[in-house]
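Working notes, beginning with the structure itself.
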Amino acid sequence: MRIGRAPAVPCAAHHVGAHWRALSEVKGTGKRFAPAMTASLPPAARRWIDHAVAEGTPMAAAARLEMSGEIRLGSWRPFTAVQLLAPATGFIWAATTRIGPLSVSGYDRFTDGCGEMRWRIGGIIPVMSADGPDVSDSAAGRLAGESIFVPTTFPLARWRGDEFVASATWTVDGRKETVRLDVADDGALCGVRMLRWGNPDNHEFGRYPFIVAVEAERRFGGMTIASRIRASWDTGTGGDGEFFRAEITSADFF
C-alpha cells in the first residue's frame, strides 16, 4: 500500500484531469482491518473479505490499477490502461489501443454522478463520444461491479447471501446496484454477476446479465484481488458476449 502524492493524470484522461485529481483525494479512514469487522456479514461475504484483506491492512477507499489485455472492438485488440477507482464514488479508466496502424486513446468515466466515454485517434480526431442518462446508468453499474478491486470498501455496501453467494447492494449517486459474488470454499473470488444497464451488441437499452469470470488472483500489499478476468454480456441470443479480457499488473491503495 502506497501513500504519497496524488497519482499523475494519464495523457488519455487529460480532458478530465480535474475529475482525476478529485478522485485521487478520496482516502481511507486510517483504520486497519480486523476480522471482527466482518462478523455480522453473511458467510460467503465474510469468507471472501477475510481471504482478500490481511489483518492490519489499512482500510483503503480507492485504488489506482494498471492493466493490459484485449478488448473486442469489431475484432480483438490489445490495450493498456490505468484506472482510478473509488467504489460508491467514481472511476476513470484511461486506455490506449490500436486500430490498424492508428493509436486510439481515451477514457470511460463515472464522476459527479455522470458517465461519459470519449475516444480520439492520436488524441485529436474523434472516434467515439457518448454521455447522457443511459451511459451514466451503465457506468454506475460498472462502478458497483468493480468494487471487488477495493475489498476494504465493503462497509459501504449492504450485504446479503448464504454460504456460496455474497450479494452486495451499492448506492451509487442515488442508484441501487446489486452485485453477486461467487465465492469458493477457501474465500477466493470465482466470479461476479449482476443485471447491468446497457445496450450490448446494439440492443435496446435495458438491464442485461453481466458476468465477470475470475481466472486468477494476486496479492498487492495486504490485498488479494482478482488479477485476471474476462467480462461478457448475455443478451439471451446465444451469441458470444465476451468483450473484455484483462490482467492487472499493479495496484496501489489509498
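The values are calculated or read from the model by the stated rules, or taken from the named source; none is laboratory data. Note that the coordinates shown come from a computational prediction; the quantities given were computed from them, not determined experimentally. With ideal geometry, Cβ positions are generated from the backbone for all residues, glycine too; neighbour counts draw on all protein chains shown. Each accessible area value is taken on the protein alone, full model and side chains, heavy atoms only, with ligands, DNA and RNA left out. Shrake-Rupley method; radii C 1.70, N 1.55, O 1.52, S 1.80 Å.
When segment 63-88 is limited to residues that are over 21 Å from Arg228 (Cβ atoms) and touching a helix residue (DSSP H, G or I) at 6+ places or on another chain (Cβ under 7 Å), the one that is modelled with the highest pLDDT turns out to be Ala86. Here Leu73 qualifies as open to solvent by 10 Å² or more (accessible area, probe 1.4 Å) and closer than 22 Å to Gly241 by Cβ. Among the residues of segment 218-227, those that are over 21 Å from Arg72 (Cα atoms), assigned to a strand (DSSP E or B) and either in contact with a Leu (Cβ under 7 Å, 6 or more places away or on another chain) or open to solvent by less than 30 Å² (accessible area, probe 1.4 Å) (or both) comprise Phe220, Met223, Thr224, Ile225. Please determine whether any residue of segment 134-141 is in a strand (DSSP E or B), touching a Phe, Trp or Tyr at 6+ places or on another chain (Cβ under 9 Å) and under 21 Å from Leu73 (Cβ atoms). No, every residue in segment 134-141 fails to be in a strand (DSSP E or B), touching a Phe, Trp or Tyr at 6+ places or on another chain (Cβ under 9 Å) and under 21 Å from Leu73 (Cβ atoms). Residues in segment 121-141 that are under 15 Å from the mean Cα position of the chain (by Cα) and either open to solvent by 30 Å² or more (accessible area, probe 1.4 Å) or free of Cβ contacts under 8 Å to residues at least 12 places away in the same chain (or both): Asp137 alone. Scanning segment 166-201 for residues that are open to solvent by 60 Å² or more (accessible area, probe 1.4 Å), closer than 18 Å to Thr235 by Cβ and part of a strand (DSSP E or B) yields a total of 3. The number of residues in segment 42-53 being surrounded by fewer than 21 Cβ atoms within 10 Å (Cβ to Cβ) and of a type in the set (A, V, I, L, M) comes to 0. So in segment 9-33, with the set limited to residues that are without any contact (Cβ under 8 Å) to a residue 24 or more places away in the chain and exposed (fewer than 13 other Cβ atoms within 10 Å of the Cβ), which one is nearest to Thr111 (Cα to Cα)? Per the stated criteria, the residue is Ala18. Here is a check on your reading of the model: is Ser129 in contact with a Lys or Arg (Cβ under 9 Å, 6 or more places away or on another chain) and either at pLDDT 95 or above or assigned to a strand (DSSP E or B) (or both)? Criteria met by Ser129.
Filtering segment 142-165 down to residues that are assigned to a loop (DSSP other than H, G, I, E, B) and surrounded by fewer than 23 Cβ atoms within 10 Å (Cβ to Cβ), which residue is modelled with the highest pLDDT?
Ala157
Of the residues making up segment 228-254, those that are small (Gly, Ala, Ser), touching an Asp or Glu at 6+ places or on another chain (Cβ under 6 Å) and in a strand (DSSP E or B) are Ser232, Ser250. Could you tell me whether Glu204 is of a type in the set (Asp, Glu) and either surrounded by 15 or more Cβ atoms within 10 Å (Cβ to Cβ) or within 20 Å of Asp50 (Cα to Cα) (or both)? Here the answer is no, as Glu204 does not meet what is asked.
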